[in-house]
Amino acid sequence: MAMDTEQNGRQDTVELVYRPTRADILAGIRLRERRRHLHLLRWGLTGLFGAAAVQAVAARDGSAVSFVTAAFCAALIWSIPRLQAHHVFRLVSWQGEYRTSVSETSIRTGTAHATLEQRWSVFRGYREIRDHVVLLSRDPNILLVEVLPKRGLSPEDAERLRALLSRHLPRV
């Protein structure tokens, strides 16, 4: 990550260079899920189907098909975030190295194949977690999640990134 400062215009730019990983994407999906309280629904349905699987085993006349179906549904619902992360990773991994520049005006991400520039008005806020900074979109369903991996940052660079984000977005 690099930090450039122009003295005249006070234009700070933080640049991150990284290759996305499944863990990066999963961190964004999990945070989005918690903000929308979907984790409660997912765990409730997992528990419901898990209880149905236990009941199918415990019942005298329970069938193997009922047990397998309920256990499969519980496992599938529990693994939804991982399945989503795997799918998104397949979509973005072939693009190789990502270069993300966080500046006073926008967040610009580029690969060898595409460039995306997002103004600060697209985002509702950000949340810093252990290995990532996750920006959440303004729309009600939080369809857009921007994940900035902190790997390779020095503590000073991380502080500058936090300061830049804090000037434009609230912590959520």
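The values are calculated or read from the model by the stated rules, or taken from the named source; none is laboratory data. Quick caveat, the model's predicted, so the values are computed rather than measured. Positions of Cβ are generated from backbone atoms using ideal geometry, with glycine treated the same way; all protein chains shown enter the neighbour counts.
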Single match in Glu146, Glu117, Glu128, Glu156 (criterion: exposed (fewer than 15 other Cβ atoms within 10 Å of the Cβ), at pLDDT below 95 and not small (Gly, Ala, Ser)): Glu156
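Working carefully through the options Val122, Val147, find the one that is closer than 21 Å to Leu26 by Cβ and of a type in the set (Val, Ile, Thr).
On the way: Val122 fails: closer than 21 Å to Leu26 by Cβ.
The unique qualifying residue is Val147.
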Strands (runs of 3 or more DSSP E) enclosed by segment 111-172 - at least 3 residues per element that are among the hydroxyl-bearing types (Ser, Thr, Tyr) and in contact with a helix residue (DSSP H, G or I) (Cβ under 9 Å, 6 or more places away or on another chain): none
Near pairs, Cβ below 6 angstrom, 6+ apart or cross-chain, from segment 79-102 (farther than 14 Å from Arg22 by Cα) to any residue that is hydrophobic (A, V, I, L, M, F, W, C): Arg99/Val17; Thr100/Leu16; Val102/Val14; Val102/Leu164
Segment 30-41: number of residues that are in a helix (DSSP H, G or I) and either free of Cβ contacts under 8 Å to residues at least 60 places away in the same chain or under 12 Å from Phe89 (Cα atoms) (or both): 7
Cβ-Cβ under 7 Å pairs, at least 6 apart or on other chains, segment 117-134 side closer than 14 Å to Ser101 by Cα and in the same structural domain as Glu15 (by TED's automatic domain parsing), far side of a type in the set (Lys, Arg) and assigned to a strand (DSSP E or B): Glu117/Arg108
